[in-house]
Amino acid sequence: MTKQSDSRMWGGRFQEQTDAFVEAFTASVNFDQRLALVDVQGSIAHASMLNRIGILTSEEFDSIIQGLSKVLQEIEKGDFKWSVQLEDVHMNIEARLTQLIGDAGKKLHTGRSRNDQIATDIRLYLRDEIQACQQLIRQFQQGLLDLAETHADTIMPGFTHLQVAQPITFGHHLLAWFEMLERDHGRLADCVKRMNIMPLGSAALAGTSYPLDRNYTAELLEFDAPSRNSLDAVSDRDFAIEFCADAAICMTHLSRMAEEMIVWSSAQFNFITLSDRYCTGSSIMPQKKNPDVPELVRGKVGRVNGHLISLLTLMKSQPLAYNKDNQEDKEPLFDTLDTLQGSLRAFADMVPNIQVNKEAMYQAAKQGFATATDLADYLVNKGLPFRDAHEVVGNAVAFAIEQNKDLSECSLQELQYFHTTIEQDVFEVLTLEGSVNARNILGGTAPEQVRLQIKQCRKLIE
Ligand code: ARG
């Protein structure tokens, strides 16, 4: 007795229907339909190659192309009926294609497996999405440079241990953020370099007996090369882990910026004001304006770090080659992309539009003896060894604390009590402007350096 044809694409050897719960439990279509566009791109390239090597006739090829573009239209319009019975994006699309064009549709999967197909799809997808992340980083960096230019001379306290350390320029601080993002951008570029290898043609795991022209397919899909080892190609998810690691580092950077903005916008600091459209109020305390966006971004690092650990754990101890475990790579990956892109988009718009309270920054820099190091440097110029100068200034600071005034408010006579070489010109050194201007060295905080750095940074991101 022959069995009735099975609606499941792999149903040939099965006697029993899949349990409905298991069907839903194993299906990925609810989340991998996000790959529809790249899945079709991959299929078009594969079909072109099959046509080129004579496995598909030109008529079959043409009808596959037409069928696939109809499928895409349906998906874009929201008319496509995704079916959990068809398990994943690949089989949903192929089934609809065959429904539309008949037997030619059934030939598309020649020399291909879902294992090399999915490994190719995610790479294609991630490649584009990483580029989008990089563009957002560039946009954010651009905004930072513009704001840094406006604030090349704006003085604020620089901190170590969150204690006032030395005066710096706000432009200099913003350029530090720029550098973090520049490394993030570079890391993503590195990730794409290793990722841009094409698994297609590896088939299920061992390669295929059809004489596929893998170089041609790779060229069509703009991969740098076809993969060398089919077992590795279908099972490797390093690129996904790598991307999540890059994203976790970038999110960590954003959380550091977030933290500073949250502190700076508090009433105690009052250095900056965030635009109303990035804040919300409290339902009970009428006076509140909460920095929700930076807080959320700070919080979202948690999920991205979690996704990185998920992927590492997913791959740990997996034997070669493809295993169904790998289907679990998508949700963490997609959520990482959404989170990173959302956070970058928010910051790229929010940060360049912050209002800066220069006066509050300046006053804060005057607290905490930010120019004490300058006094020590002054004494070194007068011939004291640095350690001795450090000691002298320490004594002077203790005196000033006792008198409840800044070093610059001490009289010359008072200062001379700590060291006789101190002269009238010390007061120039003790000003905030004198302090930042003195650090006119490559990488330093002086306004002149900041302007120079901005020029170099602009060239870098051109
Ligand atoms: N949905 C699967 C995944 O995401 C596609 C590959 C399935 N391959 C298989 N042999 N079951 O990994």
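Answer yes or no: is there a residue in segment 185-203 that is open to solvent by 80 Å² or more (accessible area, probe 1.4 Å), more than 16 Å from the ligand (Cβ to nearest atom) and outside any helix (DSSP H, G or I). Lay out the reasoning, then the answer.
Quick first cut of segment 185-203, residues open to solvent by 80 Å² or more (accessible area, probe 1.4 Å) only: 193-194.
In the following step, the residues that additionally are more than 16 Å from the ligand (Cβ to nearest atom) were identified as 193-194.
Then keep just the ones that are outside any helix (DSSP H, G or I); that gives none.
No.
So that you can scan it fast, the table gives a plain yes or no per residue for (1) open to solvent by less than 30 Å² (accessible area, probe 1.4 Å); (2) touching a helix residue (DSSP H, G or I) at 6+ places or on another chain (Cβ under 6 Å); (3) basic (Lys, Arg); (4) closer than 30 Å to Leu205 by Cα:
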site: Lys324; (1), (2), (3), (4): no, no, yes, yes
site: Thr339; (1), (2), (3), (4): yes, yes, no, no
site: Ser343; (1), (2), (3), (4): yes, yes, no, no
site: Asn353; (1), (2), (3), (4): no, no, no, no
site: Lys366; (1), (2), (3), (4): no, no, yes, no
site: Leu375; (1), (2), (3), (4): yes, yes, no, no
site: Ala389; (1), (2), (3), (4): yes, yes, no, no
site: Lys405; (1), (2), (3), (4): no, no, yes, no
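Out of the residues in segment 131-171 meeting the condition of being aromatic (Phe, Trp, Tyr) and buried (at least 21 other Cβ atoms within 10 Å of the Cβ), tell me which one is nearest to Asp374 (Cα to Cα). Break it down stepwise before answering.
Of segment 131-171, the ones aromatic (Phe, Trp, Tyr) are 140, 159, 170.
Narrowing the set further to residues that are buried (at least 21 other Cβ atoms within 10 Å of the Cβ) leaves 140, 170.
Working: Phe140: 34, Phe170: 19 Å.
Result: Phe170.
Of all residues in segment 75-96, count the ones that are away from the ligand (no atom under 16 Å from the Cβ), part of a helix (DSSP H, G or I) and surrounded by 15 or more Cβ atoms within 10 Å (Cβ to Cβ).
First, pick out the residues of segment 75-96 that are away from the ligand (no atom under 16 Å from the Cβ): 75-81, 96.
So of that shortlist, the ones also part of a helix (DSSP H, G or I) come out as 75-77, 96.
So of that shortlist, the ones also surrounded by 15 or more Cβ atoms within 10 Å (Cβ to Cβ) come out as 75, 96.
Selection size over segment 75-96: 2.
Report whether or not Asp335 is more than 24 Å from the chain's Cα centre (by Cα), within 16 Å of the ligand (Cβ to nearest atom) and within 30 Å of Arg114 (Cα to Cα). Walk me through it before giving the result.
Details: more than 24 Å from the chain's Cα centre (by Cα): no; within 16 Å of the ligand (Cβ to nearest atom): yes; within 30 Å of Arg114 (Cα to Cα): yes.
Answer is no for this residue.
Inside segment 97-130, can you point out the residues that are assigned to a helix (DSSP H, G or I), without any contact (Cβ under 8 Å) to a residue 60 or more places away in the chain and open to solvent by 10 Å² or more (accessible area, probe 1.4 Å)?
Our first condition is that a residue be assigned to a helix (DSSP H, G or I); within segment 97-130, this holds for 97-101, 103-107, 114-130.
Those still in the list that are without any contact (Cβ under 8 Å) to a residue 60 or more places away in the chain too: 97-101, 103-107, 114.
Answer for segment 97-130, where residues must be assigned to a helix (DSSP H, G or I), without any contact (Cβ under 8 Å) to a residue 60 or more places away in the chain and open to solvent by 10 Å² or more (accessible area, probe 1.4 Å): Thr98, Gln99, Leu100, Ile101, Asp103, Ala104, Lys106, Lys107, Arg114.
Cβ-Cβ under 8 Å, sequence separation 6+ or interchain: first residue in segment 285-307 and over 15 Å from Met261 (Cβ atoms), partner outside any helix (DSSP H, G or I) and not charged (D, E, K, R). Which pairs?
Lys288/Gly281; Lys288/Ser282
Just one of the numbered conditions (1) more than 14 Å from the ligand (Cβ to nearest atom); (2) part of a helix (DSSP H, G or I); (3) under 21 Å from Met198 (Cα atoms) is not true of Glu59; which one?
Failing condition for Glu59: (3).
Using the structure shown, decide if Leu124 is of a type in the set (A, V, I, L, M, F, W, C), modelled with pLDDT of 95 or more and over 30 Å from Gln41 (Cα atoms).
Details: of a type in the set (A, V, I, L, M, F, W, C): yes; modelled with pLDDT of 95 or more: yes; over 30 Å from Gln41 (Cα atoms): no.
So Leu124 fails the test.
Results for (1) assigned to a helix (DSSP H, G or I); (2) open to solvent by 60 Å² or more (accessible area, probe 1.4 Å), shown as yes or no for each residue.
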residue: Arg8; (1), (2): no, no
residue: Asn30; (1), (2): yes, yes
residue: Arg34; (1), (2): yes, yes
residue: Asp39; (1), (2): yes, no
residue: Ser43; (1), (2): yes, no
residue: Leu50; (1), (2): yes, no
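Are any residues in segment 301-322 surrounded by fewer than 21 Cβ atoms within 10 Å (Cβ to Cβ), part of a helix (DSSP H, G or I) and either away from the ligand (no atom under 16 Å from the Cβ) or of a type in the set (Phe, Trp, Tyr) (or both), and if so, which ones?
Gly302, Arg303, Asn305, Gly306, Ile309, Leu312, Thr313
What about Ala398, is it part of a helix (DSSP H, G or I) and out of contact with any Asp or Glu (no Cβ under 9 Å at 6 or more places or on another chain)?
Details: part of a helix (DSSP H, G or I): yes; out of contact with any Asp or Glu (no Cβ under 9 Å at 6 or more places or on another chain): yes.
The answer is yes for Ala398.
The values are calculated or read from the model by the stated rules, or taken from the named source; none is laboratory data. Not measured: the values here are computed from a predicted model. Note that each Cβ is placed from the backbone with ideal geometry, even for glycine, and that neighbours are counted across all protein chains shown. Accessible surface areas use protein heavy atoms only, side chains included; no ligands, DNA or RNA. Shrake-Rupley method; radii C 1.70, N 1.55, O 1.52, S 1.80 Å.
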